[in-house]
1. Pull up all non-local amide H partners of Leu43: gap of 5 or more, or a different chain, and H-to-H distance under 5 Å with H placed in the peptide plane.
2. Length gain on complete extension for the stretch Asn506 to Ile460, per 0.36 nm per residue less the alpha carbon to alpha carbon distance?
3. Quick one: what are the phi-derived ³J(HN,Hα) couplings along region 394-408, Karplus 6.51/-1.76/1.60 with θ = phi - 60°, whole Hz, x for glycine and proline?
4. Between Asp402 and His184, take the C-beta separation as r, use R0 = 41 Å, and let me know the FRET efficiency to the nearest 0.05.
5. Which of the lysines could be linked to Lys12 by a straight reach, that is with a Cα gap under 26 Å, when you skip same-chain ones fewer than 8 residues away?
6. Give the cross-link partners of Lys480 among the lysines, using a straight C-alpha distance below 20 Å as the criterion and excluding same-chain residues fewer than 8 apart.
7. What residues qualify as long-range amide H neighbours of Leu276, i.e. H under 5 Å apart, gap of 5 or more or another chain, H built at 1.01 Å from N?
8. Taking R0 as 60 Å, what's the FRET efficiency between Ala307 and Glu101 from their Cβ-Cβ distance, rounded to 0.05?
Amino acid sequence: MNTVIRISNLTKTYRVYRQRRLLAAQPIHLLTRHVEGELLYALQDVSFEVGKGEIFGIIGHNGSGKSTLLKILSGITRSDSGSIEIQGRVTSLLELGVGFEQELTGRENIYLYGSLIGLPREMIEEKEQSIIKFSGIEKFIDMPVQSYSSGMLIRLAFATAVHTEPDILLLDEVMGVGDSEFQHRCFQAIQSAVERGVTVLIVSHGLSFIGSFCSRVMCLHQGHVAAIGTAEQVVHIYTDSISSREKICEISRDDLHIQFLPAGFHIEKSGRILTLARGLSVNLRKWESDFMSSEAAWTVVDLKEDAVHLRLRWGHWNLEVSWYIRIENNRTINWTIKTGRDLYRDVDDIGIEAMVSESYKTYILPEEFRDFPRTINRGFNMEYLLSQLQPRRFLGVTGSTDPKPSLVLDFSKCPMTGSSMVITGGNMMPGHILQRMFPAESGQDTLEMQVKLFDQDDLIQFWRMHQKAFTVESGGLVIKLQNDSLTLDEQNTPLTREPGIHVRINNDMYSFPCEWEVLQANCDLQLRATSLQLPLALVWTFCSLENGIRWTLELEFLERLTIDDIRICIPVFSERGIIPDIGIPLVWDARDQMLTATPSFSEMSDFRTPGKFLAGSGIITSGGLGNE
């Protein structure tokens, strides 16, 4: 490592006087007093090294010495003892407005700042327009900075600092200021600087940012170095120290331990923590604003050894949810969220999310296992890995590089509405996120889910059983419910494409999206798909035969519905030359590339009485088809 900063046994002390004397007595006291007061160590025997082109993070509780350290490195204050070796020119951005003269304009302050750090005027003139453009405050650049907002001030300060071509850049809690667009540019500017060999030291309380943006991290505690190492190692140590101070409660059973913090709850299995940062949490979305678990007031209503009832309340908005969490066994956690129907009138969506360790290399979907990208995106933007966001019955992660069990969020008892997301990377997040959003229009006041932990064999068994539960097979033909779509395959070749077999009414209204339910019947599979757009439900019944699969479709009208036309639609891969016959006459729709069939009762234009009507039935056979 080409070391550009070497700190050895750095110590800084202050004296703290506990008593304040009367102002009139101060002159006499200053002449006669002995040295009094308590000696406070802001830093004590701090030693570390930073290499060229490294992003080095510094974290710790308030008062741990982080800002004092950067002030010493930038030359604002001096240490009492220890040695400091710095190679290169240092530019610092430590506090909002520091180094700016309030009476001067923004443009004048650019020149003042540049001269203070030793830049020749010619170089400042060369950089002036780039600084102003980056800051985005062109209209206000010739106004006194005392009239600037905090956001405008930090924009100008950061733009000036990064454009002065420093060798070492010191940043103290400035990355959280400004809007997301400006933060994006800041991150890009830092990355570009690092690529040029600039060394960056960042002090921040934003663990997600530190954990994913910094190559190494140092944790300070009461002026001492508590830990130095990789970002994941040190952030873990720091969050453990926070947990001991901010823990709400905990439950456990055997080797499964759950700890509740103000942001969410964390799962520990056999001494290994599976979750990061927010852990498992709830996110309420209202008017495009997010209300996180970390912003709620938590109340423990009832606590047992292996179960807890918690109430989360967002007081300003009068929002409230209850959590019921019970450890069923050492591999299953039951999590019930009760919202009350009033909440659905106040919010747009309810989100359930789990933030898990970056050590997991594969994510699990009902349809397949997929690997996370090998190179995690370290830029500003997080990477959304699913192109199809439809609701999924479960999401999970597996393949940890250390021996962590696989983790699965099982939503089988929840409505099949909303969306599913898997997110990774980005400097705003240290690991991966599994997320399921439930729209308010579903009206569901209770969400029941399970968090399941598996070894590899049990995980494969769970995945295969889930696949089988919504599948009917016969003679190479397979009917299955997959990704909220009803599909038909033959000899492992998909015959149907998205959005799967569905019903179209009046040419522009569809039976999807819908909420799927598995019914109990004397058959292999019976499914009820309730449309979220129309007062309509489809009831599909499938039975396997020796020579194929018998199917029946009933349309259930839940209220009066005026119609002109009803079609059963089967989107197919026509280029494969395989056209299924569902047992009733089919018509090819060239525009939409699908087969359509007309139910026998379609001449009725108005279903005045809610009821169930037989739309059709037949037998699908491999290589040949027959009507009933």
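1. Sorted by chain and number, the residues that satisfy this are Lys12.
2. On the way: separation 46, 0.36 × 46 = 16.56 nm, distance 4.35 nm.
Taking Asn506 through Ile460 to full extension adds about 12.2 nm, to one decimal.
3. So the J values, rounded to whole Hz, are 7, 9, x, 9, 8, x, 5, 6, 10, x, 8, x, 5, 10, 10.
4. Working: r = 33 Å, r/R0 = 0.80.
With R0 = 41 Å, the Cβ-Cβ based efficiency is 0.80.
5. Lys52, Lys66, Lys71
6. Candidates past the 8-residue exclusion: Lys413, Lys468.
7. Residues meeting the amide H criterion: Met355, Val356, Ser357.
8. Values: r = 61 Å, r/R0 = 1.01.
That gives a FRET efficiency of 0.50.
Since every read-out is calculated from the coordinates, none of them should be taken as a lab result. Not measured: the values here are computed from a predicted model. Heads up, the Cβs are rebuilt from the backbone with ideal geometry, glycines too, and the neighbour counts pull from every protein chain shown.
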